[in-house]
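The values are calculated or read from the model by the stated rules, or taken from the named source; none is laboratory data. Treat the numbers as computed from the prediction; the structure is a model and nothing was measured. We place every Cβ from the backbone using ideal geometry, glycine too, and count neighbours over all the protein chains shown. For the accessible areas, the whole protein counts, side chains as well, though only heavy atoms, and no ligand, DNA or RNA atoms are used. Shrake-Rupley method; radii C 1.70, N 1.55, O 1.52, S 1.80 Å.
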Amino acid sequence: MTPAAAAGAPTPGTTVALPLGTPRGDQALIRLLAVPRRDLTRAGGLAVPLQPFADALLVEVSVDGRVVLPGAWVEPAVLQHGQPAPRSQVVPQDLRFPAVVAGNGASAALHWGETIWPLPFDDTVAIPAACRAGTHSAAQLRRLALVAAGRRQEVALTLWRDPGFEVPWQDVRLVPHARWWFEMADVPATATYADAARLQGIG
């Protein structure tokens, strides 16, 4: 997304209803939280941890009235796949960023929003692909929403229904044993993203 496209993108709080493709015909509500190139820049640029998502959108996903993805990076086209729904105001506390692992071995770090937390790893630690930076398409987001809502068996007949399939969360917060990644990075156990940002001097 170019800076010009970002400037003309929908504003935070824009919400669309995305059909989940299930027999019951229900939907997920996708609420736009931020457009990185427009809403998350500082001094004219994006922080290093946000750069992989420069062309994405930060959204929140709810199913059956419950937030199941509290912050996910998606392709801009995702909003075009849904039907307009009532918008709601976005406040700073709503910005709950995915956390991902960047680098390998001794250079590995947990990137959570704009914050960077070094990881005490060596080359023997294998980092799951589900923990790496990635942006979701509309089709992938539908599956993620169903899995996050505990409705994995309603996913169409794909590998996603296999209990052994590694769900591509692209978010350390949502993978099995998520707490372990934060403990290894010495992120305080009770820290919210706002707490983590304050600890690193980010407003």
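For this structure, a couple of remarks:
- Among the residues listed as 135, 124, 115, the single one being free of Cβ contacts under 8 Å to residues at least 40 places away in the same chain, on the phi < 0 side of the Ramachandran plot and of a type in the set (Ser, Thr, Tyr): 124
- On the stretch given as the stretch 52-87, residues that are in a loop (DSSP other than H, G, I, E, B) and farther than 19 Å from residue 38 by Cβ total 4.
- Every listed requirement among (1) surrounded by fewer than 17 Cβ atoms within 10 Å (Cβ to Cβ); (2) among the hydrophobic types (A, V, I, L, M, F, W, C); (3) farther than 29 Å from residue 182 by Cα is met by residue 91 save one, (3).
- Selected residue (criterion: modelled with the highest pLDDT) from residues of the stretch 115-126 that are open to solvent by 30 Å² or more (accessible area, probe 1.4 Å) and in a loop (DSSP other than H, G, I, E, B): 120
- Count of the stretch 148-161 residues which are part of a helix (DSSP H, G or I), of a type in the set (Lys, Arg) and buried (at least 16 other Cβ atoms within 10 Å of the Cβ): 1
- Filtering the stretch 94-114 to residues that are buried (at least 20 other Cβ atoms within 10 Å of the Cβ), hydrophobic (A, V, I, L, M, F, W, C) and in a strand (DSSP E or B) leaves 99, 100, 101, 110, 112.
- Selected residue (only one of 139, 196, 145, 178 is open to solvent by less than 50 Å² (accessible area, probe 1.4 Å) and in contact with a Leu (Cβ under 9 Å, 6 or more places away or on another chain)): 145
- Hey, residue 60 of a type in the set (Asp, Glu) and either surrounded by 21 or more Cβ atoms within 10 Å (Cβ to Cβ) or free of Cβ contacts under 8 Å to residues at least 24 places away in the same chain (or both) or not: yes
- Restricting the stretch 9-28 to residues that are of a type in the set (Val, Ile, Thr) and assigned to a loop (DSSP other than H, G, I, E, B), the residue that is surrounded by the fewest Cβ atoms within 10 Å (Cβ to Cβ): 11
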